[in-house]
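**Q** Below are the structure tokens for one structure; questions will follow.
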Amino acid sequence: MEIEKNVASVNISGNQSMLRLKEKISYGFGDLASNLMWGLVGSFLLYFYTDVALVPVAATGTLFLICRVLDAFIDPVIGGFIDRTNTKFGRTKPYILFGIIPFAVVLILTFTSFDISDTGKIVYAYITYIIAGLLYSVVNIPYGALLPLMTRDSNEKATLSSFRMGGMAIGNILVTAATMPLVGFLGDGNERRGFLLTTILYSILGIICFGIIVKNCQERYLDNHTQSTEKVSVSTTYKNAFKNGPWLSTIIFALIMFVKIGAQVAITIYFCNIVLGNPALISVLLPLLYVSMIVSSVITPAFIKKFKHRKGNIIALSIYIVGFCLLPFIVSNMTFFIVVYFIANIFGGIGSGAVFGMTADSVDYNEWKFGNRAEGTLYAGYSFATKVGMAIGGALVGYVLAFAGYNANHVTNSAANAINFLYYFVPIFCSLLQIIALSFYKLDKIHPQIVSELNQRN
């Protein structure tokens, strides 16, 4: 939808939107927990299926795609429930509080393998993966919907997004750097036992982290929202969402971003093992991807404040593309390769943090334009994009490996070449598509005025 033009910018201030440091840190624990738990799925489940549980590789691409897409279509339903929830615990916290333990249990079952037939392994993988994804949504969508309930201030949202991004990076660093060593240590050479015990450890830490969120994070913009949602039907909520231009642009941007992340994380393990011939680099390149996100989380608030979401992300992605175009030509010099890889991913990670603020700002736009915040529904759109994107990225890798005849016991040249091509092409191509999506995001200039008018209304 075309956004109204010629709206004057104003500076927004007010103590009610300012958050305590303790609350910001606590909010960041959510992505730390999510990426300890679900990050294990994104980084290692494909490897677990193909090389540990010995699920037929030809089935993994379809398994990833079907499970994640089915799971993603549940997200808008959960978002709708959140928008119409009103309890003594709040709007989002009941889902986190009562969903985290069931999610942890099913996640553990997902990384449990049995000596059964190939058909039995595939069926078991479908059941556990689908249920784990559903329960992850029950916890993670309310966590994301909590952000716009905490503050309307755009700078505070950027700071919260930065803490969230920092939690995401730390969680993924721990997962990518520590998982295989933990699997080896806890399993004592038995990867099945090692993955099971490692998943139990991550699940316990995740439960603790989400408990901190429930205790310390406050929902401040709830009462007026409760009154408005009672007057808006489910169908109207979704119709308004698809008329929300900034939200649509953000969702497409996020979808492509997670196709890129899903493929990049999945292919890196094979890239290090097969193309580089050095499995130890798995514990270098994957953690560095998330170390770069920590650096990104530090610079993102200032970077976005200076350039705003649209221009800032376009600049960052352009630098990222240049970096990845250089990588194939310097792979023989691994030190230089790692330095360029790290710098490129610092700028690539800016979008990972900015997207939370873009989503939260689109909630303000929704309330300003349609009189209804619908943060549950709108954040569910982001969650839908992450899951479908990761599903497409993971399935893409699985399909290409199957097409190239990948076999863990005998890797052909065609499989190695396919892995090498995917590693460079997918990040570059997806980043170009993200830039196109950003060209339709036109909220930066008018958002301060939107917040001013909403404060006057309420």
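The values are calculated or read from the model by the stated rules, or taken from the named source; none is laboratory data. Just so we're clear, the structure is a prediction, and the values are computed from it rather than from any experiment. Ideal geometry is used to build each Cβ from the backbone, glycine not excepted, and the neighbour counts take in all protein chains shown.
**Q** Looking only at the range 364-383, decide whether some residue is of a type in the set (Gly, Ala, Ser) and part of a loop (DSSP other than H, G, I, E, B).
**A** Yes - at least one qualifying residue is present in the range 364-383.
**Q** With the condition kept exactly as written, say whether any residue in the range 431-450 is of a type in the set (Ser, Thr, Tyr), closer than 18 Å to residue 328 by Cα and either out of contact with any Lys or Arg (no Cβ under 7 Å at 6 or more places or on another chain) or modelled with pLDDT of 85 or more (or both).
**A** Yes - at least one qualifying residue is present in the range 431-450.
**Q** Within the range 179-193, can one find any residue that is among the small types (Gly, Ala, Ser) and in contact (Cβ under 8 Å) with a residue 12 or more places away in the chain?
**A** Checked the range 179-193: no residue is among the small types (Gly, Ala, Ser) and in contact (Cβ under 8 Å) with a residue 12 or more places away in the chain.
**Q** Would you mind finding the one in 80, 120 that is of a type in the set (Gly, Ala, Ser), farther than 22 Å from residue 208 by Cβ, in a helix (DSSP H, G or I) and touching a Ser or Thr at 6+ places or on another chain (Cβ under 7 Å)?
**A** Every option except 80 fails the conditions.
**Q** Of all residues being more than 22 Å from residue 307 (Cα to Cα), among the β-branched types (Val, Ile, Thr) and assigned to a helix (DSSP H, G or I) in the range 410-444, which is nearest to the chain's Cα centre (by Cα)? Just the residue, please.
**A** Result: 426.
**Q** Can you tell me which residue is farthest from residue 372 (Cα to Cα) among those in the range 85-100 that are surrounded by fewer than 16 Cβ atoms within 10 Å (Cβ to Cβ) and not aromatic (Phe, Trp, Tyr)?
**A** The selected residue is 88.
**Q** Evaluate the range 408-429: report whether one residue or more is without any contact (Cβ under 8 Å) to a residue 40 or more places away in the chain and closer than 25 Å to residue 245 by Cα.
**A** yes
**Q** Looking at 385, 354, 380, 395 in this structure, which one is over 30 Å from residue 239 (Cα atoms), crowded, with 24+ Cβ neighbours inside 10 Å and either among the aliphatic types (A, V, I, L, M) or out of contact with any Phe, Trp or Tyr (no Cβ under 9 Å at 6 or more places or on another chain) (or both)?
**A** Just a single option satisfies the conditions, and that option is 395.
Here's the yes/no breakdown for (1) among the hydroxyl-bearing types (Ser, Thr, Tyr); (2) surrounded by 16 or more Cβ atoms within 10 Å (Cβ to Cβ); (3) assigned to a loop (DSSP other than H, G, I, E, B):
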position: 273; (1), (2), (3): no, yes, no
position: 277; (1), (2), (3): no, no, yes
position: 283; (1), (2), (3): yes, yes, no
position: 291; (1), (2), (3): no, yes, no
position: 294; (1), (2), (3): no, yes, no
position: 305; (1), (2), (3): no, no, no
position: 321; (1), (2), (3): no, yes, no
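**Q** Modelled with pLDDT of 85 or more and of a type in the set (S, T, N, Q): which single residue out of 250, 236 fits that description?
**A** Result: 250 is the single residue among 250, 236 that is modelled with pLDDT of 85 or more and of a type in the set (S, T, N, Q).
**Q** For residue 211, indicate whether it is assigned to a helix (DSSP H, G or I), at pLDDT 85 or above and crowded, with 22+ Cβ neighbours inside 10 Å.
**A** no
**Q** Restricting the first residue to the range 326-350 and requiring it to be within 19 Å of residue 431 (Cβ to Cβ), which pairs with a second residue that is surrounded by fewer than 19 Cβ atoms within 10 Å (Cβ to Cβ) and among the hydroxyl-bearing types (Ser, Thr, Tyr) meet a Cβ separation below 7 Å and a spacing of at least six or different chains?
**A** Within 7 Å, the pairs are 327/424; 328/424.
**Q** Would you confirm, using the coordinates I've provided, whether residue 441 is farther than 21 Å from residue 43 by Cα and crowded, with 18+ Cβ neighbours inside 10 Å?
**A** yes
**Q** Restricting the search to the range 294-314, which residues are without any contact (Cβ under 8 Å) to a residue 60 or more places away in the chain and either of a type in the set (Val, Ile, Thr) or on the phi > 0 side of the Ramachandran plot (or both)?
**A** Selection gives 295, 299.
**Q** Residues to consider are 23, 4; find the one that is charged (D, E, K, R) and at pLDDT below 80.
**A** Only one candidate passes the filter, namely 4.
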